[in-house]
Amino acid sequence: MKIFIQAITVSAMLGFLSIPAYCQEQKTEETRDAEHSHETHGTLEKAATEWKEQVEFHKVMASTFHPMEEGDFKPIRERSVEMMEKAEAWAKSKAPAGKDTPEIKSTLEELVSESRKLNDLIQKETNDKEIGMALTHLHDTFHKIAGLCRESK
């Protein structure tokens, strides 16, 4: 009897633990953007005040990458041209003091090239899997630049 009661107690506890996950509301684009900037980019916000074009690129990246992670490709399909334009503007902009390094410049050139390739894939109506891989690669390149900017203080 004692084992039976323990089993019921454990089952009930496990059931209660799954309720919060089940009841989570769908994240909005705004919520995802806020989480992205606060949880994973605390230092980016400081860098962003120094390099406006970085902030502008990041806004588009955050509002397209996180929905893609959840299977929603509509934002990147609608904003790929804007993403490419933001990457080009960032690469052409004047870097803040200490951020004008050859490695940052070359990585920004990679970012532009990758954003153009991503836009080409979208214009050709490529499947979601390939677009997801291209956007993930672009996201990784963005983080590489953000890291280089932090290191070059």
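The values are calculated or read from the model by the stated rules, or taken from the named source; none is laboratory data. Note that the coordinates shown come from a computational prediction; the quantities given were computed from them, not determined experimentally. Counting neighbours? That spans all protein chains shown, and the Cβs are built from the backbone with ideal geometry, glycine included.
For region 70-153, please list each of the helices (runs of 4 or more DSSP H) lying entirely inside it that holds at least 3 residues being of a type in the set (Val, Ile, Thr).
Here the list reads 102-123, 128-151.
What do you reckon, is Ser93 without any contact (Cβ under 8 Å) to a residue 60 or more places away in the chain, crowded, with 18+ Cβ neighbours inside 10 Å, among the hydroxyl-bearing types (Ser, Thr, Tyr) and touching a Lys or Arg at 6+ places or on another chain (Cβ under 8 Å)?
no
Which condition from (1) closer than 18 Å to Lys52 by Cβ; (2) out of contact with any helix residue (DSSP H, G or I) (no Cβ under 8 Å at 6 or more places or on another chain) is the one that Glu125 breaks?
The number of the failed condition is (1).
Quick one: which residue in Lys86, Lys99, Lys46, Lys117 is at pLDDT 95 or above and over 19 Å from Met133 (Cα atoms)?
Being at pLDDT 95 or above and over 19 Å from Met133 (Cα atoms) holds for just one of Lys86, Lys99, Lys46, Lys117, which is Lys86.
Select, from Glu50, Glu109, Glu56, the only residue that is free of Cβ contacts under 8 Å to residues at least 24 places away in the same chain and touching a helix residue (DSSP H, G or I) at 6+ places or on another chain (Cβ under 9 Å).
Only one candidate qualifies: Glu109.
Under the condition of being touching a Lys or Arg at 6+ places or on another chain (Cβ under 8 Å) and free of Cβ contacts under 8 Å to residues at least 60 places away in the same chain, which residue from region 61-85 is surrounded by the fewest Cβ atoms within 10 Å (Cβ to Cβ)?
The extreme case among them is Glu70.
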